[in-house]
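Report on the following structure.
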Amino acid sequence: MIWVKQWNQWLGSLMQPPVYLMVLRLTTILLLLHGIDHWRWTMLPEKLLALAMMVNVPLVRDRWAWLAMGIFLVVNNLWHWSALVNHEYLYTYWGLVCALAVWSRTPKQVLRWNARWIIGLCFLFATLWKFLGGEYLDGSFLHLTFLLDHRLAMGAVLFGGLDLATLAENRQIFDTLQASGAVLEPQQLATTTRMAVASVVLSYWTILIEGLVAASFLLPLRRLHRKRDWLLIIFVLTTYTVIPVLGFGALLMVMGFIQAKNNAIARLYLGLLITMPLWMPLPQGLFWVIQNLILSA
């Protein structure tokens, strides 16, 4: 189709050498946008610097600018270490990699090598945590998350057969217990057998796909290593269409892009990244529209 050809040509035009500069520009955009839903004043220096890098194009390859960015990110992480979500640390690691890249003679190779290892180690530790914690092995972590997290309401309705009113009551019970300091007992929340079974199945799917991504990026197994990009893309599509975490998914796409084994895969990463604000919230958006139509009927 003509529009597909035009889309590929446009993506190809974005990937003109030197590719590492585009990765640096994409990173500055992500650094500017990430964390806007839980703003802290200590994030202001990194946001202003990221904005300056976007406006002043030569600044994006400036060594001292990236060194300053790395320092800002590390200081912010140390200041708020106990309150940060996982991918905010990942942003700091990648910001430091970008600083190393611009200070090196081979920036593209530095970005590629570190991207592959960061992705692999990130998924390795995520998989190990699920085994060590235990809550994933019996499905209890996901089960409780489905019952309480509003972002997973679509999954709780589709996979668990629950309704929105029941989920709202569960969240109200949880908020009341938190306010009073009481301990939540699982039987206090309404659920279904179907939700319990779905939680176990999805827990083991998560362990499987994350473990495969880790192995494909870290182990010298040629057949598995060749499939690393497809495994990462499958993880992103199956995870973030259910749990729309734009900051984490976007950074994985940027790192996936620079380490991609060929231009076709790199274009796929870039295309998914650019269209992420559309396809990631689409299932959730359709779900809520349908639910509102049902309620108003």
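When we screen Leu184, Leu231, Leu177 for residues that are modelled with pLDDT under 90 and either in a helix (DSSP H, G or I) or touching a His at 6+ places or on another chain (Cβ under 7 Å) (or both), the only hit is Leu177.
Results for (1) touching a Ser or Thr at 6+ places or on another chain (Cβ under 9 Å); (2) on the phi > 0 side of the Ramachandran plot; (3) not in a helix (DSSP H, G or I), shown as yes or no for each residue.
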site	(1), (2), (3)
Ala190	yes, no, yes
Leu202	no, no, no
Ile207	yes, no, no
Gly249	yes, no, no
Met253	no, no, no
Leu293	no, no, no
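Of Ala52, Ala65, all but one fail to be more than 23 Å from the chain's Cα centre (by Cα), buried (at least 17 other Cβ atoms within 10 Å of the Cβ) and modelled with pLDDT of 90 or more; the exception is Ala65. In the range 39-49, the residue that is nearest to Ala101 (Cα to Cα) out of those that are within 22 Å of the chain's Cα centre (by Cα) and surrounded by 12 or more Cβ atoms within 10 Å (Cβ to Cβ) is Glu46. The residues listed here are Gly211, Gly271, Gly247; of these, the one that is of a type in the set (Gly, Ala, Ser) and within 14 Å of the chain's Cα centre (by Cα) is Gly247.
So that you can scan it fast, the table gives a plain yes or no per residue for (1) without any contact (Cβ under 8 Å) to a residue 40 or more places away in the chain; (2) touching a Phe, Trp or Tyr at 6+ places or on another chain (Cβ under 7 Å):
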{"site": "Ser82", "(1), (2)": "yes, no"}
{"site": "Trp94", "(1), (2)": "no, no"}
{"site": "Val102", "(1), (2)": "no, yes"}
{"site": "Pro107", "(1), (2)": "no, yes"}
{"site": "Arg112", "(1), (2)": "no, no"}
{"site": "Gly120", "(1), (2)": "no, yes"}
{"site": "Lys130", "(1), (2)": "no, yes"}
{"site": "Leu152", "(1), (2)": "no, yes"}
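Determine whether the range 127-142 contains at least one residue that is within 23 Å of Val289 (Cα to Cα) and out of contact with any Ser or Thr (no Cβ under 9 Å at 6 or more places or on another chain). No, the range 127-142 has no match at all. The residues in the range 148-172 that are basic (Lys, Arg) and either in contact with a Pro (Cβ under 7 Å, 6 or more places away or on another chain) or within 12 Å of Phe287 (Cα to Cα) (or both) can be counted, and the count is 1. Of all the criteria given as (1) modelled with pLDDT of 90 or more; (2) out of contact with any Asp or Glu (no Cβ under 7 Å at 6 or more places or on another chain); (3) over 30 Å from Pro18 (Cα atoms); (4) not β-branched (Val, Ile, Thr), the one not satisfied by Pro107 is (3).
Among the residues of the range 238-245, is any hydroxyl-bearing (Ser, Thr, Tyr) and touching a Pro at 6+ places or on another chain (Cβ under 7 Å)?
Yes - at least one qualifying residue is present in the range 238-245.
The values are calculated or read from the model by the stated rules, or taken from the named source; none is laboratory data. Every value quoted in this text rests on a predicted model; they were computed, and no experiment measured them. Ideal geometry is used to build each Cβ from the backbone, glycine not excepted, and the neighbour counts take in all protein chains shown.
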